[in-house]
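Visitor: Provided herewith is a single structure, encoded as structure tokens, for subsequent inquiry.
The numbers here are math on the coordinates, done by the rules we state, and not lab data. All values reported here derive from a predicted model rather than from experimental measurement. Note that we place each Cβ from the backbone using ideal geometry, even for glycine, and neighbour counts take in every protein chain shown.
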4 protein chains.
Amino acid sequence: MAELEIGIIGATGFSGVELYRLLCSHPEKPAVTLFSSSRDGQDITEEYPHLKGISTNSTLKKLSLEHIKRMDVVFSCAPSGVSRELLPPLLEAGIRVIDLAGDYRLKDSALYEKWYKKPAPPERWLHEAVYGLSEYNRESIKQAQLIANPGCYPTAVQLALLPLLKNNLIDPLSLITDAKSGLSGAGASLSKSSHYANANESLSIYKMNAHQHIPEMEQSFAQIGKSEVIMTFSTHLVPMTRGILATMYADLLPGVTTEIIYETLQQHYENEHFIRVHQENTPLSTNQVSGSNYCDISYSLDERTGRLTVYSVIDNLLKGAAGQALHNMNIMMGFNETSGLPLIPQFP
Amino acid sequence: MAELEIGIIGATGFSGVELYRLLCSHPEKPAVTLFSSSRDGQDITEEYPHLKGISTNSTLKKLSLEHIKRMDVVFSCAPSGVSRELLPPLLEAGIRVIDLAGDYRLKDSALYEKWYKKPAPPERWLHEAVYGLSEYNRESIKQAQLIANPGCYPTAVQLALLPLLKNNLIDPLSLITDAKSGLSGAGASLSKSSHYANANESLSIYKMNAHQHIPEMEQSFAQIGKSEVIMTFSTHLVPMTRGILATMYADLLPGVTTEIIYETLQQHYENEHFIRVHQENTPLSTNQVSGSNYCDISYSLDERTGRLTVYSVIDNLLKGAAGQALHNMNIMMGFNETSGLPLIPQFP
Amino acid sequence: MAELEIGIIGATGFSGVELYRLLCSHPEKPAVTLFSSSRDGQDITEEYPHLKGISTNSTLKKLSLEHIKRMDVVFSCAPSGVSRELLPPLLEAGIRVIDLAGDYRLKDSALYEKWYKKPAPPERWLHEAVYGLSEYNRESIKQAQLIANPGCYPTAVQLALLPLLKNNLIDPLSLITDAKSGLSGAGASLSKSSHYANANESLSIYKMNAHQHIPEMEQSFAQIGKSEVIMTFSTHLVPMTRGILATMYADLLPGVTTEIIYETLQQHYENEHFIRVHQENTPLSTNQVSGSNYCDISYSLDERTGRLTVYSVIDNLLKGAAGQALHNMNIMMGFNETSGLPLIPQFP
Amino acid sequence: MAELEIGIIGATGFSGVELYRLLCSHPEKPAVTLFSSSRDGQDITEEYPHLKGISTNSTLKKLSLEHIKRMDVVFSCAPSGVSRELLPPLLEAGIRVIDLAGDYRLKDSALYEKWYKKPAPPERWLHEAVYGLSEYNRESIKQAQLIANPGCYPTAVQLALLPLLKNNLIDPLSLITDAKSGLSGAGASLSKSSHYANANESLSIYKMNAHQHIPEMEQSFAQIGKSEVIMTFSTHLVPMTRGILATMYADLLPGVTTEIIYETLQQHYENEHFIRVHQENTPLSTNQVSGSNYCDISYSLDERTGRLTVYSVIDNLLKGAAGQALHNMNIMMGFNETSGLPLIPQFP
């Protein structure tokens, strides 16, 4: 049997490196090729010394259609705005692509241009792209040629809210999400906000009501959750490397009890490997999922106001990026869904 | 002129140590006596070596009424539930006390017992106590014998919301606060959640809808803000030592514009030393107030929903505890309000 | 074939939890029983919520000889001073034990009592114990009934120095080691020094010239390195959870060149899975081995003084504790040496 | 009386900002002008929002000789290699300058060029410059036109070693220093090593035997310590913002006892405001000096080898940079030496 060939475009970002780590331990033992237009010829261990000795194939290759055509699956970790131009030639050549950027997530190109402030990708591929929220789109993911892997925040938010929206338990117009992320979510590029002395010992609020993940979530609430949602959304930068905690607030609909909430979440996810539903009022910490592909969910009912607080935690580089992307590849290729995904969080 | 004599009860907690630091640099050069029932006879530098050589008066004294009567002002940093019994004898002896615990903040003893799950302090002193939100209660603070210094979260929340509530700009029943604090807010005592390996590299949510600061804020919204509020309130532990960031969500009332919000905040605080109002959509970080007595405030209007996001940052040990307490002492004693308070944040 | 049965004593410490994580992913799929005398009946997920849903066998069991006799291998993660009394009955019952504490590392009971300030374990088992420095004692480890797993600091130090001592490249009497460790090395128990507010944003020096790991290293230098060493040794606590960096200084012996140093290290470890030798003057960081069983080694020659600086990094909970213990189990049981050991560091 | 006019060149670096903070609270109430060639016209609060509202004079000015001539003292926080060209015109115009870069520290221009790998500054000013180690060069500092403020590492190292070298207690040829610094020492400019995800949760060793601070310390050991020293020196980056801990190793000279060490250090510094000598074997932490101008010193005798371990901690931005510079200004101008210097560390 021919060996499985996998390519990673934009391999020198954090998601790319994390994918490489996962793929190197994948039981299907794929041959992995690392592509990087800007650094071809370099060895990835120059920038990432932790990878020294891991593989004999650690030289970064220039992206060429000829070369990449040999791949069975390609993960694109190029930034939003780049995969728009980069991917269509690959897709036209018939390559199956899992894109970790935001470019192919929104079906409505006007919405993309409004929130991303960049020209949208070609309509054809916007249309073809399957939104890779693994637990909700398995059947389409199996058949997909192009998967738009969900954003980190949207993963944490949707996994907690979709069961409640689908079952009409909360008022879709009351939704407010207060999301918090570790620094790795901002990527490997240098910026003032990722300078250690700025980020360390400081919590920041940023992109209030303006984050490009807002339309992605609202689209999904409509398509998967069958609910028209306009959500208030704030994001915060937390002095830690990995982890997202999303705290969501919504009005309960009449007649909904805390037991109904619990049963709904529980039943919705009881056969899912990567979702752990906790009982009401369970405090959650990002370190209880760190290094794993888990999303942990709990909630609290404020009896005085009838408002529900739902909250979830993920590792942004795993469930929020590379882990979910690999999960999607497993689904696409018919592998065991948990193959190559670390099941147990690393603590401490 | 007789020297100013100041006592600190519970001097070995973080607020106590911070107060001591501030008082040692106070231009009135007070004589400071450190009281600690459990460690009398010890020198505070055994536990806090950073204080070595600061003062010749660093021995912890047993709390005796005789001794403490000599003090002009006493700060009590004993924990909630302790000052309830500890303070009445001092107060009856005529001593002026600034209490940093929660015991005397709530006027309604039933409310105290419900949220603190402890017996309430004597009604007389609940009634006498002045809530020490410096910017709002100056006149009463001047005359007060007992000041109930506000909680750390309530300080950040009230300073941002009170101008909006007082001016009827936001719907009081729509209020949701998502608050985040560094670890020093949990105090110096040992607990699993303050163990480095648990707290580091992890963000946690805790006490959802059950934090004892909820009734304190609602009481203040009613008394100072003239608004009946029932607020949903969540708290989070952030892997950093100092800092609180509070993110608040509320529906704007009809006709209120972003300009009105800005002008209201700006005018409300234009003569205040310790409040800095920023323009709409300014990202804020806790490190921009760290080491100072500032509260920085900004806001963002979500035009799609008509909801307002207001957010504020403080140093929880200064503006949220020792700094505000000293501010209150300055007001009480007729000193310059900024005396002994570090005006400039320490960054990086 | 009967299933492999493995017990972990003291399962609620950091090494115990890390071993459990590794064993749950071990390809031999062992049945793991968690023992804890103080918390029997509890579920380990109460204290360690990251383990929720990992296994159906997560209840902590009381330590009974009857029960533990069924185990093929037992890891003891009880603290130093406890395994001294705990292990002999198990050993007499014929159980194979890998002890992660310091009790059985020193052959000389007087030395143990001097440095540990506790009564030494029975001579018989001190004598029987095999020092589990995997790369150096493979043959004895295969046959051993009792393995004394090396300390965290000694692992980092010995792996870097033994090749140089064995080959007479450095002056054994000139050795000075300046070692630095993350907080997890101090364990899960609560103490002032592991309180977040004390440990965070602070580097400390502790146990100068008095660390109990000193005789362990010197014994090994004599036995394995054939060198009588008296080493000056300092330890530092670094504000991070995982990682050890050891910086070692020694005078080069006459005629030794930097090329000889490199070739010696390189050849010594070229067939070792878990040791990566870097070229001279390569900067090393603990994060390049974090989450893996690697020890990375480099060095720098100070031409002005003829002194050699050798330095190594490990993950203290893996190569410095649970990882090395599992490596030893793999050797003992004839498994592939890398089985169940994460090969790729987790970065970022 | 004319107001004191002070200029800060390179005001947007960390030392510049720290100096500005100190000067704004200085009792002499100087008028401070901030110079920045690259950002003139900008307000410093754009980059450093913590400074909002502190001063009406926060606009960055272009560096012009005309303007700067009005200053009584100028602090230069331009990087090494820049002040070489920048300062001579100012000096020739008669301005008193305190330079925080390395350019004027070495008397021997060949040594400068060897270690800094840049052309040396003019001999005249190398010769004129006074090395600003405040405790040792007071008399020259008073008269100096140009002060070369010591490097951060050299400050911590020299304060601990000079008394021992001057009194012939340790063997100068046996000296090894293992130094560790927080990230702020690397400055505000963006680099891979200061990216949060690289620096956080990781300890690194860098510039082994090649740090440009080596000749600075050796020059001082010769001039002030009357000892010809060739020192082995390693530096480490610690995941914290502020703080240096230097661990030094030396052979005791014959007849020297631990009591002699203690008395020497104690007597040497008993009249110094900013040096705290601790008893033998006292563990030290960087947080016990953080936010202050203190240098804390302790030591440990290894009786088995006759080696002395001396260690010291400073805040690298205060005693290691801006604090010492201000101390020097106070000496120069005849002010109280502690004026404007925070005496009490900020903890936690």
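Visitor: Fewest to most neighbouring Cβ within 10 Å: what's the order for B:Thr309, D:Thr264, C:Thr247, A:Thr33?
Guide: Sorted ascending by nearby Cβ count, the order is D:Thr264, A:Thr33, B:Thr309, C:Thr247.
Visitor: In addition: Considering only Cα-Cα distances, which of the following residue pairs are longer than 31 Å: B:Lys61/D:Lys29; A:Lys114/A:Lys226; B:Lys118/B:Lys226; C:Lys62/C:Lys117?
Guide: Over 31 Å apart, Cα to Cα: B:Lys61/D:Lys29.
Visitor: Shielding of C:24-31 by partners, i.e. mean partner chain Cβ atoms within 10 Å per residue?
Guide: Rounded to a whole number, the mean comes out at 1.
Visitor: Pick from D:Val277, D:Val256, D:Val229 the residue whose mean-square fluctuation is largest in a GNM of chain D, springs joining Cα atoms under 10 Å.
Guide: It is D:Val256.
Visitor: Still on this structure, please answer the following. Just counting partner chain Cβ atoms within 10 Å, what average do the residues of peptide C:299-307 show around their Cβ?
Guide: 5
Visitor: Going by how many other Cβ atoms sit within 10 Å of their own, how do D:Met332, C:Met329, A:Met240 line up, fewest first?
Guide: Lowest to highest Cβ neighbour count: D:Met332, A:Met240, C:Met329.
Visitor: Cut-off 10 angstrom, C-alpha nodes, Gaussian network model of chain D. Which of D:Glu201, D:Glu270, D:Glu18 fluctuates the most?
Guide: D:Glu201
Visitor: Same structure, new question: Stick to Cα atoms and the Kirkwood definition of Rh, then tell me Rg/Rh for the stretch B:152-315.
Guide: Ratio of gyration radius to Kirkwood radius for the stretch B:152-315: 0.97.
Visitor: Give a residue-ordered list of calculated ³J(HN,Hα) values for the stretch A:295-300 (Karplus: 6.51 cos²θ - 1.76 cosθ + 1.60, θ = phi - 60°; whole Hz; x for Gly, Pro).
Guide: Listing the rounded values in order: 10, 9, 10, 9, 7, 8 Hz.
Visitor: Cut-off is 10 Å between beta-carbons; in what order do A:Thr177, B:Thr305, B:Thr258 appear when sorted fewest neighbours first?
Guide: Ascending number of Cβ neighbours within 10 Å: B:Thr258, B:Thr305, A:Thr177.
Visitor: Roughly what % antiparallel, to the nearest 5, for the DSSP beta bridges in chain A?
Guide: 50
Visitor: Hey, for B:Gln267 with labels 7 Å out along Cα-Cβ, what do the inter-copy distances come to in nm, ordered shortest first?
Guide: The projected label point of B:Gln267 is separated from its counterparts by 5.6, 7.1, 8.6 nm.
Visitor: Checking the cross-link filter: which aspartates and glutamates have an alpha carbon closer than 12 Å to that of B:Lys319, excluding same-chain neighbours under 8 positions apart?
Guide: Correct list for B:Lys319: B:Glu18, B:Glu135, B:Asp296.
Visitor: Sticking with this one: As an exercise, find the ratio Rg/Rh for the protein assembly as shown from alpha-carbon atoms, using the Kirkwood inverse-distance average for Rh.
Guide: Result for the protein assembly as shown is an Rg/Rh of 0.95.
Visitor: For B:Arg96, list long-range residues whose amide hydrogen, built 1.01 Å from N in the peptide plane, is under 5 Å from its own amide hydrogen.
Guide: Answer set, sorted by chain and number: B:Val74.
Visitor: Please report the antiparallel percentage of DSSP beta bridges with both residues in the stretch B:152-315, rounded to the nearest 5.
Guide: Beta bridges within the stretch B:152-315, antiparallel portion: roughly 70 percent.
Visitor: Mind putting a number on the dipole of the protein assembly as shown about its Cα centre? Charges go on the C-beta only, +1 for Lys and Arg and -1 for Asp and Glu, and I need it in Debye to the nearest 20.
Guide: Result for the protein assembly as shown is approximately 0 debye, rounded to the nearest 20.
Visitor: Using +1 at the C-beta of Lys and Arg and -1 at the C-beta of Asp and Glu, which of C:Gly323, C:Phe14, C:Val313 has the Cα lying farthest in the positive direction of the dipole of chain C?
Guide: It is C:Phe14, whose Cα lies furthest towards the positive end.
Visitor: Between B:Gln145 and C:Glu113, what FRET efficiency comes out of the Förster formula 1/(1 + (r/R0)^6) with R0 = 35 Å and r the beta carbon distance, rounded to 0.05?
Guide: Computed FRET efficiency for C:Glu113 and B:Gln145 comes out at 0.05.
Visitor: Using only helices, what value at 222 nm comes out for chain B when you add -39,500 (n - 2.57) per DSSP H run of length 4 or more and divide by the total residues, to the nearest 500 deg cm²/dmol?
Guide: So the calculated ellipticity at 222 nm is -8000 deg cm²/dmol.
Visitor: Explain nothing, just the number: relative contact order of chain A, from Cα pairs under 8 Å at least 6 residues apart, as a whole percent.
Guide: With pairs under 8 Å counted, the relative contact order is 17 percent.
Visitor: Under a 5 Å amide H to amide H cut-off, with H placed in plane at 1.01 Å, what residues pair with B:Ser134 once short-range neighbours are removed?
Guide: Correct list: empty.
Visitor: Moving on to the next point. When the Karplus curve 6.51 cos²θ - 1.76 cosθ + 1.60 is applied with θ = phi - 60°, which whole-Hz ³J(HN,Hα) does each residue of the stretch C:249-254 get, with x for Gly and Pro?
Guide: Once rounded to whole Hz, the list reads 10, 8, 7, 5, 7, x.
Visitor: Related question: Given contacts defined as C-alpha pairs under 8 Å and at least six residues apart, what's the relative contact order of the stretch B:1-133, whole-number percent?
Guide: 21
Visitor: Here's a follow-up. Only four residue types carry charge here, +1 at the Cβ of Lys and Arg and -1 at the Cβ of Asp and Glu. Report the dipole size of chain D about the Cα centre in Debye, rounded to the nearest 20.
Guide: Roughly 700 debye, rounded to the nearest 20.
Visitor: Here is a follow-up. Using alpha carbon centroids, what distance separates the stretch A:313-348 and the stretch C:283-324, in Å?
Guide: 30
Visitor: Also: As I understand it, the dipole of the stretch A:153-239 uses +1 on the Cβ of Lys and Arg and -1 on the Cβ of Asp and Glu, about the Cα centre. Which of A:Ala179, A:Ala197, A:Ala222 lies farthest toward its positive end?
Guide: A:Ala197
Visitor: Separate question: Need one word for the stretch D:248-312: rounded, prolate or oblate. Basis is the Cα gyration tensor (sqrt eigenvalues a ≥ b ≥ c); a/c below 1.5 gives rounded, then a/b vs b/c decides.
Guide: Note, shape of the stretch D:248-312 comes out oblate.
Visitor: OK, next. With label points built 7 Å along Cα→Cβ from the Cα atoms of B:Glu280 and C:Gln223, find their separation and express it in nm.
Guide: 7.4
Visitor: Tell me the net charge near B:Leu4. Cut-off is 14 Å between Cβ atoms, B:Leu4 excluded, with +1 for each Lys or Arg and -1 for each Asp or Glu.
Guide: -1
Visitor: Within 10 Å of each Cβ in D:284-296, how many Cβ atoms from other chains are there, averaged over the peptide?
Guide: Taking the mean over all residues of the peptide, I get 5.
Visitor: Given a 10 angstrom Cα cut-off, can you work out which residue in D:Leu91, D:Leu245, D:Leu133 is the most mobile in a GNM of chain D?
Guide: Maximum fluctuation in the GNM of chain D, among the listed residues, is at D:Leu91.
Visitor: In percent, what relative contact order does the stretch B:190-342 have, based on Cα pairs under 8 Å that are 6 or more apart in sequence?
Guide: 19
Visitor: Continuing with this model, one more query. Does the stretch D:90-222 come out rounded, prolate or oblate, given a ≥ b ≥ c as the square roots of the eigenvalues of its C-alpha gyration tensor, rounded meaning a/c under 1.5 and, failing that, prolate meaning a/b above b/c?
Guide: Oblate.
Visitor: Another question, then. Using every Cα-Cα pair within chain B, state what percent have a distance larger than 28 Å.
Guide: Counting pairs separated by more than 28 Å, the tail of P(r) holds 40 percent.
Visitor: So who's got an amide H within less than 5 Å of the one on B:Ile170, skipping anything under 5 residues away but keeping other chains? H placed 1.01 Å off N, in plane.
Guide: Here B:Leu253 satisfy the definition.
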